[in-house]
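The values are calculated or read from the model by the stated rules, or taken from the named source; none is laboratory data. Predicted model only: the values in this text are computed from it and were never measured. Don't worry about glycine lacking a Cβ; one is built from the backbone with ideal geometry, like all the others, and counts go over all protein chains shown.
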């Protein structure tokens, strides 16, 4: 059992202790703030990477190694500002991803091309499939252009060899007429009727989808434009970014000043203690 003298000596030694002096010891001691104080009250929001936030916290503490309550509070302010910086970047990225969705791009292109509200672009209008259909019918028109009068079209064999897009639609017409291809190809009147319909449908499709074709051509450029927030979004994000920068730099500056003043105070006490000893001697 310890004597009263030993207990008293231990208490006096504990009061004189200034904590760990080695680099490793200080680093380990600074990590106590992870589980004690306001560091433990930072909430992880839904969808956030908790491991990343934890690593950020550990890195900041390892960098600054707060030694007292005031330093922990100031380092905490740095940590909060950094977490908010991360959240702002993530929010900006999410906003930009949303702005590049087909529906949003279609709305933006409708405004640029000044479409009426009766026929505004939809998301699927900008799809590659729509553009592929447009190019298909455009090719049909080109194949039929040398034959303004359907009656003077070449033989079915030449159509198959030289007009492949038109031939595909011609075979589809046989199904529309609910007859076999063998019977259909032997009926010249049916073939001419089908070709007139194909020519009309191709012209109508290209004419009615001209704006969609133009919008599709502008789609990739619109994505590039949407890499930067615009309108109200960029104003709010810029103001918030400035606020976070100020919060971060202010906390760093105050921490630096606090440590500098504390070091001067300790240095002054040591000088005073030395002078008093010399005077006593």
Looking for something exposed (fewer than 12 other Cβ atoms within 10 Å of the Cβ), assigned by TED's automatic domain parsing to the domain that holds residue 209, under 47 Å from the mean Cα position of the chain (by Cα) and under 20 Å from residue 222 (Cα atoms) - is there at least one such residue anywhere in the stretch 106-121? no
If you go through the stretch 144-158, how many residues are over 22 Å from residue 132 (Cβ atoms) and assigned to a helix (DSSP H, G or I)? 6
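Conditions (1) closer than 30 Å to residue 164 by Cβ; (2) without any contact (Cβ under 8 Å) to a residue 40 or more places away in the chain, marked per residue:
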| site | (1), (2) |
| --- | --- |
| 192 | yes, no |
| 208 | yes, yes |
| 217 | yes, yes |
| 229 | no, no |
| 239 | no, yes |
Residue in the stretch 229-242 that is within 30 Å of residue 129 (Cα to Cα) and surrounded by fewer than 16 Cβ atoms within 10 Å (Cβ to Cβ) present: yes
For the stretch 161-187, enumerate the residues that are in a helix (DSSP H, G or I) and over 14 Å from residue 140 (Cβ atoms). 161, 174, 175, 176, 181, 182, 183, 184, 185, 186
